[in-house]
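What follows is a short report on a single structure.
The values are calculated or read from the model by the stated rules, or taken from the named source; none is laboratory data. If you're wondering where the values come from, they're calculated on a predicted model, not measured in any experiment. Positions of Cβ are backbone-derived with ideal geometry, glycine not excepted, and every protein chain shown enters the neighbour counts. For accessibility, only protein heavy atoms count, side chains too; no ligands or nucleic acids. Shrake-Rupley method; radii C 1.70, N 1.55, O 1.52, S 1.80 Å.
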Number of protein chains: 2
Amino acid sequence: MNHKIQIFDSTLRDGAQGEGIQFSLADKLAIVRALDGIGIDYIEAGGTTSKDLEFFAQAQNLPLKNSKLAAFGATRRAGISVADDASCAALLKAETPAVVIFGKSWDLHVEKIIQTTLTENLSMIFDTVEFFAKHGKEVIYDAEHFFDGCKANRDYALETLKAAIAAGTSRIVLCDTNGGCLPDEVAKIAAEVAAVIDTPLGIHCHNDTGCAVANSIMAVLSGCTQVQGTFLGFGERCGNANLSAVIANLQLKRGYLCIPPEQMKNLTSTARFIADVSNVSLTNDMPYAGKSAFAHKAGMHADGVSKIPESFEHIAPDKVGNARRFLMSEVAGRSAILEKISKIDGSLTKESAETQKIAERLKELEQEGYQFEAADASFELMVLKELGRYEKFFDLDYFTTIVEEPSGITEYSSSAVIKITVDGRAEITAAEGDGPVHALDKALRKALEVFYPSLKNIHLCDYKVRVLDPQNATSAKVRVLIETTDGKDTWSTVGVSKDVIDASWKALVDAIEYKLIKDI
Amino acid sequence: MNHKIQIFDSTLRDGAQGEGIQFSLADKLAIVRALDGIGIDYIEAGGTTSKDLEFFAQAQNLPLKNSKLAAFGATRRAGISVADDASCAALLKAETPAVVIFGKSWDLHVEKIIQTTLTENLSMIFDTVEFFAKHGKEVIYDAEHFFDGCKANRDYALETLKAAIAAGTSRIVLCDTNGGCLPDEVAKIAAEVAAVIDTPLGIHCHNDTGCAVANSIMAVLSGCTQVQGTFLGFGERCGNANLSAVIANLQLKRGYLCIPPEQMKNLTSTARFIADVSNVSLTNDMPYAGKSAFAHKAGMHADGVSKIPESFEHIAPDKVGNARRFLMSEVAGRSAILEKISKIDGSLTKESAETQKIAERLKELEQEGYQFEAADASFELMVLKELGRYEKFFDLDYFTTIVEEPSGITEYSSSAVIKITVDGRAEITAAEGDGPVHALDKALRKALEVFYPSLKNIHLCDYKVRVLDPQNATSAKVRVLIETTDGKDTWSTVGVSKDVIDASWKALVDAIEYKLIKDI
């Protein structure tokens, strides 16, 4: 086939409606870069608040290779002109090549929720689409509640689409806004629309029946050529269609073109990166990208897979950059590892004993909760250690951190005492901080700067904490990710422990050692 | 319609293949009681190990009202008789009314994995089904890899079904064992089988494409009358069909009878109970039963739902025993706030001075980094404080936490000392822990239990840390979310501070005070 299906990601808009999801500006930009990298066609964000506009102002400056930015807003309000509508004006200021305009398809919503007439709603759709089309925008029209609207009043629902088409929209997107549809009805209704409308169609599904991925696929099979969703499926209530699964299903199983074929192997790492930035745990059982997606527990399955992979695997895991997991399964992961370590030692091959050893160590650390996807510097240090090329820069004699409440005579709640030794010379010092990690970080660098003055130029620019097994509550394991910069380069390190301070300590030490190695 | 669809739960068998899932005997019995209670037709467990037999021996004694127990095993091995097959003998000893026999439908598996002939495989199926049918068992035949087998060698796959039918199976279950199917092909193949076979059909889907629920539904629409899966969807790799979603979809949206109608309202509590017993967190976004399934964050949605529920809800949440939630956030607006606080004081209106005051306080706290959408209990405590109805349960004199590296003589890295006062009586105590928060949590509860013995029954079941302004690195603000349970109820609290220990302390104190208020 090889029909192109446009992939439209709304992680920054619908995804941000997910419970517990909140993005900083830096998070948003990091996600845009990742989505662009893997070849997503459209990236949508809200387009009406000052925060939104600040995001778009910065996002315009990114050198995007694949993605178009799209700002999202409603049709004009009832009874006023588009020019007088503040939200529409803001949307224009986002200065994106594409805008997404959503309007009402369901008569119930028109009459009871926004409380206007069916005729005025048609004008609102027409006027708004026309306004943005005349301003040279590519307009994508999101027909909100289209499926519910169609079931309630089919003729009116179709009329709303025709209003958008007459006004010059370049695409009509059928939305199952309440997420209540089952796959047979999505297939049927999408096919009926495709039969009467020539404008390219898209599909936008929510997951309230657990069918968002399936519904999106049925819509594509019925003629839709754009799929809207969020890369990891998060969104309001039960989430949106999980695009990582939609992409893999359509491209690997049905021959559609969703992303550049050479990007498919980056599906898993992109999913994990976006999860890290969003500070959500990728569920283990997520199709294609989850840690368990190709994990075989039953002995019979493990046996079958080692004889003939397809006997218990629906696709080869490396097609999506994931890996089979069970005893001695590094074969799959080893080429990925080699790709990384060959930068450190070009003489290594897939079969080298060192590669084998690193693969085993990696597996061990992953078992403990480490994840190196967002911690390249720690990975490099681990490789150096395994290759016997690592030299210590200092020895820790001890540290103690104390937190007191009430906090006593200073503004700080915490203090840390540390003693280190470098080449036989000891340095003991102390520092205060906003918390024990802050105090420890300050104390460690204070002590080390005596020996390594270049450390004065580094500072931490990001600090993330992820609880790995939250059901163990306060004795759960935590993974700390730290990003450090010296003004020129930026690098990331990781630490895992049951104790947030110990996990932070490991990541801090890696961050400092990486800088010192870099400077040699 | 009101056609009966049998629901067949494999939580104890396929579910136990999920990564991280492990059941004790007591867990298994508790799950059987819960599944029986809600009206599941069949409950399956493995049937061949001594542990399995011990489970069935005990489960027979449960006064089950709705469920039949089913033991699961393979066809006899190649080249021996059923009577000589130890696994088949064990299966009989399980003494269940029903047995599930799985056999090979895919020629690749027959010839390459179990390495026998296509003819011998047919005999293995026939002999084994016949053996159990003659022993008076209701035999359910699971056609493993049926869909893949059908795609590879349709005639042979159908022959395997006919062997089971000739031997007296009462049902044929079509299994997508590798989970790689998409809904259109499940629909097509199931309909083709239904057209040529009179024996009742079942469907067994895995979720590797993210379509297990949808595939099950398409199979039912094509004529299958039993759905196999696991109540919460967990299982090997990406899991099995989530039965709680399948049941609600079929029964509430299509009029099939899956469970007794009066049980539907227990869907959410049953899901949460099974999650608790299984020691997994029910994901917030799980369809129907998840905490976020009917949670509205966007102001426009909250507004719409309060006017007309179906405007943004695909079903009424109380039909499945779940509840609507308005997530408290700056976007939620005052009507959402009112909805919540009216439970505390019914006399308040949108215009009351108190409502205004609470809205302002909420905004202030959100500015500081608080978020109450996942912290209902802290929100309620905040409201009580603003209404002047809050009373302290204890005073903190001081606490100190110490973390030492190396960790010295105990296995713990951390310790905490705390002194509190209740009604003029002081209590000073200490505890050790895996980190400073763990130590502090233990010490605080140890001190308080002296005065409030009911605190012995609570424990923390979730602990999350979010760094709010990561660019401030180790002195960044953190938000801690804690979930606490007393075995009956579960509540969530929040704390924000630059110090992770202080933030945790705030959330811990709220968690305890909420429990004490609840108990009054």
>> Which count do you get for residues in the range A:156-210 that are of a type in the set (Lys, Arg) and over 23 Å from B:PRO287 (Cβ atoms)?
In response: 2
>> Looking at the range A:3-41 only, could you name the residues that are assigned to a strand (DSSP E or B), open to solvent by less than 10 Å² (accessible area, probe 1.4 Å) and under 14 Å from A:VAL100 (Cβ atoms)?
In response: A:PHE8, A:ASP9
> Within the bounds of the range A:91-99, is there any residue that is under 23 Å from A:LEU161 (Cα atoms), acidic (Asp, Glu) and outside any helix (DSSP H, G or I)?
Replying inline: no
> What pairs come up if the first residue lies in the range A:129-142 and is among the acidic types (Asp, Glu), the second is part of a helix (DSSP H, G or I), and their beta carbons are under 6 Å apart, counting only those six or more places apart or on different chains?
Replying inline: none
> Of all residues in the range B:449-466 being among the charged types (D, E, K, R) and open to solvent by 40 Å² or more (accessible area, probe 1.4 Å), which is nearest to the other protein chains (Cβ to nearest Cβ)?
Replying inline: B:LYS464
> Which residue pairs have Cβ atoms under 7 Å apart, sit 6 or more places apart or on different chains, and have a first residue in the range A:498-520 that is away from every other protein chain (no Cβ under 11 Å) and a second that is of a type in the set (Val, Ile, Thr) and surrounded by fewer than 23 Cβ atoms within 10 Å (Cβ to Cβ)?
Replying inline: A:LYS515/A:ILE458
> Is the range B:237-246 home to any residue that is in contact (Cβ under 8 Å) with a residue 60 or more places away in the chain, in contact with a Cys (Cβ under 8 Å, 6 or more places away or on another chain) and either within 7 Å of another protein chain (Cβ to nearest Cβ) or closer than 16 Å to B:LEU12 by Cβ (or both)?
Replying inline: yes
> Does A:THR485 satisfy the criteria of being more than 7 Å from every other protein chain (Cβ to nearest Cβ) and in contact with a His (Cβ under 7 Å, 6 or more places away or on another chain)?
Replying inline: yes
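Here's the yes/no breakdown for (1) under 18 Å from B:SER170 (Cα atoms); (2) open to solvent by less than 40 Å² (accessible area, probe 1.4 Å):
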| residue | (1), (2) |
| --- | --- |
| B:ALA71 | yes, yes |
| B:THR75 | yes, yes |
| B:ILE80 | no, no |
| B:ASP84 | no, no |
| B:SER87 | no, no |
| B:VAL99 | yes, yes |
| B:PHE102 | yes, yes |
| B:TRP106 | no, yes |
| B:GLU111 | no, no |
> Out of curiosity, is B:ASP303 touching a helix residue (DSSP H, G or I) at 6+ places or on another chain (Cβ under 8 Å), acidic (Asp, Glu) and more than 10 Å from chain A (Cβ to nearest Cβ)?
Replying inline: no
> From B:ARG425, B:ARG479, which residue is of a type outside the set (Val, Ile, Thr) and more than 11 Å from every other protein chain (Cβ to nearest Cβ)?
Replying inline: B:ARG425
> Just checking, which of B:LEU174, B:LEU158 is crowded, with 24+ Cβ neighbours inside 10 Å, closer than 24 Å to A:LYS253 by Cβ, away from every other protein chain (no Cβ under 14 Å) and not small (Gly, Ala, Ser)?
Replying inline: B:LEU174
>> When you check A:THR485 against the structure, is it among the polar types (S, T, N, Q) and in contact (Cβ under 8 Å) with a residue 24 or more places away in the chain, yes or no?
In response: yes
> Got a number for residues in the range A:190-232 being in contact (Cβ under 8 Å) with a residue 60 or more places away in the chain and within 17 Å of B:ILE217 (Cβ to Cβ)?
Replying inline: 1
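Has the range B:150-162 got at least one residue that is at pLDDT 95 or above and within 17 Å of B:VAL227 (Cα to Cα)?
Our first condition is that a residue be at pLDDT 95 or above; within the range B:150-162, this holds for B:150-162.
After this cut, where a residue has to be within 17 Å of B:VAL227 (Cα to Cα) as well, the list is none.
Looking for residues that are at pLDDT 95 or above and within 17 Å of B:VAL227 (Cα to Cα), one finds none in the range B:150-162, hence no.
Anything in the range B:124-148 that is part of a helix (DSSP H, G or I) and either open to solvent by 40 Å² or more (accessible area, probe 1.4 Å) or within 11 Å of chain A (Cβ to nearest Cβ) (or both)? List them, or say none.
Applying the first criterion (part of a helix (DSSP H, G or I)) to the range B:124-148 yields B:124-134, B:146-148.
B:PHE126, B:ASP127, B:GLU130, B:PHE131, B:LYS134, B:PHE147, B:ASP148, listed by residue number.
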> Taking the range A:245-300 as the region of interest, how many residues are closer than 20 Å to B:GLN17 by Cβ and not aliphatic (A, V, I, L, M)?
Replying inline: 12
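Under the condition of being part of a helix (DSSP H, G or I) and in contact with an Asp or Glu (Cβ under 9 Å, 6 or more places away or on another chain), which residue from the range A:186-207 is least open to solvent (accessible area, probe 1.4 Å)? Give the steps one after another, and end with the answer.
Quick first cut of the range A:186-207, residues part of a helix (DSSP H, G or I) only: A:186-196.
Those still in the list that are in contact with an Asp or Glu (Cβ under 9 Å, 6 or more places away or on another chain) too: A:186-187.
Numbers: A:VAL186: 0, A:ALA187: 19 Å².
Step by step, filter the range A:186-207, then rank; the result is A:VAL186.
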> Pick from the range A:197-236 the residues that are closer than 21 Å to B:ASP184 by Cα and of a type in the set (Ser, Thr, Tyr): which of them is farthest from the other protein chains (Cβ to nearest Cβ)?
Replying inline: A:THR225
>> On the basis of being under 30 Å from A:ILE418 (Cα atoms), under 32 Å from the mean Cα position of the chain (by Cα) and among the acidic types (Asp, Glu), does B:ASP462 make the cut?
In response: no
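Quick check on the range A:475-520: of everything there that is part of a loop (DSSP other than H, G, I, E, B) and either acidic (Asp, Glu) or touching a strand residue (DSSP E or B) at 6+ places or on another chain (Cβ under 9 Å) (or both), which residue is surrounded by the fewest Cβ atoms within 10 Å (Cβ to Cβ)?
If we filter the range A:475-520 for residues that are part of a loop (DSSP other than H, G, I, E, B), which is where we start, we get A:476-477, A:486-489, A:498-499, A:520.
Right, trim to either acidic (Asp, Glu) or touching a strand residue (DSSP E or B) at 6+ places or on another chain (Cβ under 9 Å) (or both) and you get A:476-477, A:486-487, A:489, A:498-499.
Values: A:ALA476: 23, A:LYS477: 20, A:ASP486: 16, A:GLY487: 8, A:ASP489: 12, A:LYS498: 22, A:ASP499: 24.
Checked the range A:475-520; the qualifying residue surrounded by the fewest Cβ atoms within 10 Å (Cβ to Cβ) is A:GLY487.
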